[in-house]
1. Just wondering, is there one or more residues in the stretch 36-51 that are open to solvent by 40 Å² or more (accessible area, probe 1.4 Å), at pLDDT below 95 and touching a Leu at 6+ places or on another chain (Cβ under 9 Å)?
2. Report, by residue number, each residue of the stretch 8-35 that is β-branched (Val, Ile, Thr) and either surrounded by 15 or more Cβ atoms within 10 Å (Cβ to Cβ) or more than 17 Å from His80 (Cα to Cα) (or both).
3. Please state which one of Arg76, Arg66 is open to solvent by 70 Å² or more (accessible area, probe 1.4 Å), at pLDDT 95 or above and more than 15 Å from Val1 (Cα to Cα).
4. For Val88, are the conditions met, namely being part of a helix (DSSP H, G or I) and at pLDDT 95 or above?
5. How many residues does the stretch 36-53 hold that are without any contact (Cβ under 8 Å) to a residue 12 or more places away in the chain and among the β-branched types (Val, Ile, Thr)?
6. How many residues are under 18 Å from Gly31 (Cα atoms) and either of a type in the set (Ser, Thr, Tyr) or without any contact (Cβ under 8 Å) to a residue 12 or more places away in the chain (or both) if we restrict to the stretch 55-108?
Amino acid sequence: VAVLFDVLHMMPDADQRALRRAVRASLAPTGRLLVREADASAGWRFGMVRLGNTLKALVTGHWRQRFTFRSAAGWRTVLHEEGFMPHVQPMDAGTPFANVLLVASVRHD
């Protein structure tokens, strides 16, 4: 099992792709990838995620930091393209944040 918890959106697209490919190559045929990310299509709840990340960047002196957010469907698509079968589960119950958990098994084509 590999876990990427609020990591991918902090990286440029090319670096995300390289990390997804490296994880996929390292997993056994029965392996799983767990990804928690924000759902950029979730309206005001996503706005809260973006605000939190922006404030953290400002406070830590990284005011130029860029983020690479995607919708839940977008995350599912990029994981599928890297050889996974992802399933999306909401993780926003009881919070103002638009987070999802992607449980991705290794795809066998």
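The values are calculated or read from the model by the stated rules, or taken from the named source; none is laboratory data. All values reported here derive from a predicted model rather than from experimental measurement. Quick reminder, even Gly has a Cβ in these numbers, built from the backbone with ideal geometry, and neighbours come from all protein chains shown. Surface accessibility is based on the protein's heavy atoms, side chains included, excluding ligands, DNA and RNA. Shrake-Rupley method; radii C 1.70, N 1.55, O 1.52, S 1.80 Å.
1. Scanning the stretch 36-51 turns up no residue that is open to solvent by 40 Å² or more (accessible area, probe 1.4 Å), at pLDDT below 95 and touching a Leu at 6+ places or on another chain (Cβ under 9 Å).
2. To start, the set of residues in the stretch 8-35 that are β-branched (Val, Ile, Thr) comprises 23, 30, 35.
Val23, Val35 - these are the residues of the stretch 8-35 that are β-branched (Val, Ile, Thr) and either surrounded by 15 or more Cβ atoms within 10 Å (Cβ to Cβ) or more than 17 Å from His80 (Cα to Cα) (or both).
3. Working: Arg66 fails: at pLDDT 95 or above.
Answer to the selection: Arg76.
4. Details: part of a helix (DSSP H, G or I): no; at pLDDT 95 or above: yes.
For Val88, the condition - part of a helix (DSSP H, G or I) and at pLDDT 95 or above - is not met.
5. Residues that pass the stated criteria total 0.
6. The qualifying residues number 2.
Here is a yes/no grid of residues against (1) outside any strand (DSSP E or B); (2) more than 14 Å from the chain's Cα centre (by Cα):
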| residue | (1), (2) |
| --- | --- |
| Arg17 | yes, no |
| Ala25 | yes, yes |
| Glu37 | no, no |
| Leu58 | yes, yes |
| Gln65 | yes, yes |
| Gly74 | yes, no |
| Thr77 | yes, no |
| Gly94 | yes, yes |
| Ser105 | no, yes |
